[in-house]
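The values are calculated or read from the model by the stated rules, or taken from the named source; none is laboratory data. In this text the structure is predicted, and so the values were computed from the model without any measurement. Quick reminder, even Gly has a Cβ in these numbers, built from the backbone with ideal geometry, and neighbours come from all protein chains shown.
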Amino acid sequence: DGLFHLSEVECLGACVNAPMIQVNNEWFYEDLTYDSMTNLMQQWKDGKEPQTGPQNGRRNSEGPEGRTTLFDKQYHTTFTRDFGAEKKAYEEAKAAAAAEAAKK
């Protein structure tokens, strides 16, 4: 139906979570099977936003025994980036610079 476009890439930097896909250069879906990939595609077709990350119930890149290292509190931080907000800020700065240049 032409709704999806796939491109093969060499590396997404998470071999332990393969097979995986990246959507719109932003969202990662990992630990995929035929069934989970079919489910993701159906959700997108239905206009839904599926949960990102591992699709098999795994948490992050933990193995079947769960977390086995880095138990110190200093490692229990969460790092997320709001790429949408960063893109908006970049586009606003770019537009402001273009407007300033147009005045000259």
Among the numbered criteria (1) assigned to a loop (DSSP other than H, G, I, E, B); (2) hydroxyl-bearing (Ser, Thr, Tyr); (3) under 22 Å from residue 60 (Cβ atoms), which single criterion is violated by residue 7?
(3)
Could you list, in sequence order, the residues of the range 11-39 that are more than 25 Å from residue 87 (Cα to Cα) and either in contact with a Phe, Trp or Tyr (Cβ under 6 Å, 6 or more places away or on another chain) or free of Cβ contacts under 8 Å to residues at least 24 places away in the same chain (or both)?
15, 18, 19, 32, 33, 34, 35, 36, 37, 38, 39
Considering only the range 31-57, how many residues are surrounded by 14 or more Cβ atoms within 10 Å (Cβ to Cβ) and either of a type in the set (Gly, Ala, Ser) or in contact with a Gly (Cβ under 6 Å, 6 or more places away or on another chain) (or both)?
2
The range 58-86 - residue that is under 19 Å from residue 14 (Cβ atoms) and surrounded by 10 or more Cβ atoms within 10 Å (Cβ to Cβ) and, of those, modelled with the highest pLDDT:
58
Would it be correct to say that residue 52 is touching a Phe, Trp or Tyr at 6+ places or on another chain (Cβ under 8 Å) and among the hydroxyl-bearing types (Ser, Thr, Tyr)?
yes
